[in-house]
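Quick notes on the structure that follows.
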Amino acid sequence: MTTDNKLIVCPNCGAVNRVQAGRETEATCGKCRTRVFEPSPLELIGSTFDRHVNKTEIPILVDFYSPTCGPCLMMGPQFAEAAKTLHPAVRLAKIDTSQEQTVAARYGIRAVPTLILFRDGREIARQPGAMNATDIAAWARQNL
C-alpha cells in the first residue's frame, strides 16, 4: 500500500476500504456503497469497536459515555459539533459504557464522559470530563 491511501472501516457494514488520501469525504464503501466517512460521530458497540480502532488508519477519538450521565448528555451535542470541525482528519465515535462494560473495563474507564484518542490501534491520549466543541477539537489536535 502506498502512503497515498488510507484504510477506513465502513460505519455501515464494517468492510475495510482503501481510500485515497484527500478523498475521504467522497469515498463510498466497495461492499455496501454507503459513504465511509461522515462528519458525525459513529455509535460503536463491543463487536465493532476493535475493528474500527485497529483497522482504520486515521486517528479515532472515542467518547466513553453513559446515557444517564448529565455531563455526558450536555457534551453529546458538543462532541457532534467537534466531529464537523475535525472531519476528515479525525473520526469521532461514541461507546455507551452502560451497555459495553467489557470495553469500558478494558480501558479502565472510571468516570464518564472520558475521551480517548487512538492512533494505529493504540491509545495516545485520554481526557476525563465534559468539554465544549472548541476544547474537544483543540485537545484532539494538540495530541495528534
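The values are calculated or read from the model by the stated rules, or taken from the named source; none is laboratory data. Quantities reported herein were computed from a predicted structural model and do not represent experimental measurements. Neighbour counts run over all protein chains shown; Cβ positions are idealised from the backbone, glycine included.
Go through (1) surrounded by fewer than 16 Cβ atoms within 10 Å (Cβ to Cβ); (2) under 22 Å from Glu123 (Cβ atoms); (3) at pLDDT below 95 and name the single condition Asp50 misses.
Of the numbered conditions (1) surrounded by fewer than 16 Cβ atoms within 10 Å (Cβ to Cβ); (2) under 22 Å from Glu123 (Cβ atoms); (3) at pLDDT below 95, the odd one out for Asp50 is (3).
Is one or more of the residues making up segment 64-78 buried (at least 20 other Cβ atoms within 10 Å of the Cβ), touching an Asp or Glu at 6+ places or on another chain (Cβ under 6 Å) and in the same structural domain as Gly46 (by TED's automatic domain parsing)?
Checking segment 64-78: not a single residue is buried (at least 20 other Cβ atoms within 10 Å of the Cβ), touching an Asp or Glu at 6+ places or on another chain (Cβ under 6 Å) and in the same structural domain as Gly46 (by TED's automatic domain parsing).
Within segment 13-33, take every residue that is surrounded by 13 or more Cβ atoms within 10 Å (Cβ to Cβ) and polar (S, T, N, Q) and give me the one that is farthest from Ala82 (Cα to Cα).
Looking at residues that are surrounded by 13 or more Cβ atoms within 10 Å (Cβ to Cβ) and polar (S, T, N, Q), I get Asn17.
Go through (1) hydroxyl-bearing (Ser, Thr, Tyr); (2) touching a Pro at 6+ places or on another chain (Cβ under 7 Å); (3) surrounded by fewer than 17 Cβ atoms within 10 Å (Cβ to Cβ) for Thr114 and report which single condition fails.
(3)
Listed residues Ala111, Ala83; which is within 26 Å of Gln20 (Cα to Cα) and modelled with pLDDT of 95 or more?
Going through Ala111, Ala83 in turn, just one is within 26 Å of Gln20 (Cα to Cα) and modelled with pLDDT of 95 or more: Ala83.
Could you figure out which of (1) closer than 21 Å to Cys13 by Cα; (2) at pLDDT 95 or above isn't true of Thr97?
(1)
When the residues of segment 120-144 are filtered to those that are under 11 Å from Asp63 (Cα atoms) and part of a strand (DSSP E or B), which remaining residue is farthest from the chain's Cα centre (by Cα)?
Pro128
Determine, yes or no, whether Thr34 is within 15 Å of Val9 (Cα to Cα) and in the same structural domain as Asn17 (by TED's automatic domain parsing).
The answer is yes for Thr34.
Do we have any residue at all in segment 82-90 that's surrounded by 14 or more Cβ atoms within 10 Å (Cβ to Cβ) and over 22 Å from Val36 (Cβ atoms)?
No, segment 82-90 contains no residue that is surrounded by 14 or more Cβ atoms within 10 Å (Cβ to Cβ) and over 22 Å from Val36 (Cβ atoms).
Residues are listed down the side, and each one gets a yes or a no for (1) touching a residue at least 24 places away in the same chain (Cβ under 8 Å); (2) part of a strand (DSSP E or B):
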{"site": "Glu43", "(1), (2)": "yes, yes"}
{"site": "Ser47", "(1), (2)": "no, no"}
{"site": "Val62", "(1), (2)": "yes, yes"}
{"site": "Pro71", "(1), (2)": "yes, no"}
{"site": "Thr102", "(1), (2)": "yes, no"}
{"site": "Ile109", "(1), (2)": "yes, no"}
{"site": "Phe118", "(1), (2)": "yes, yes"}
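Looking at segment 81-100, which of the residues that are in contact with a Lys or Arg (Cβ under 9 Å, 6 or more places away or on another chain) and part of a helix (DSSP H, G or I) is farthest from Glu57 (Cα to Cα)?
Ala83
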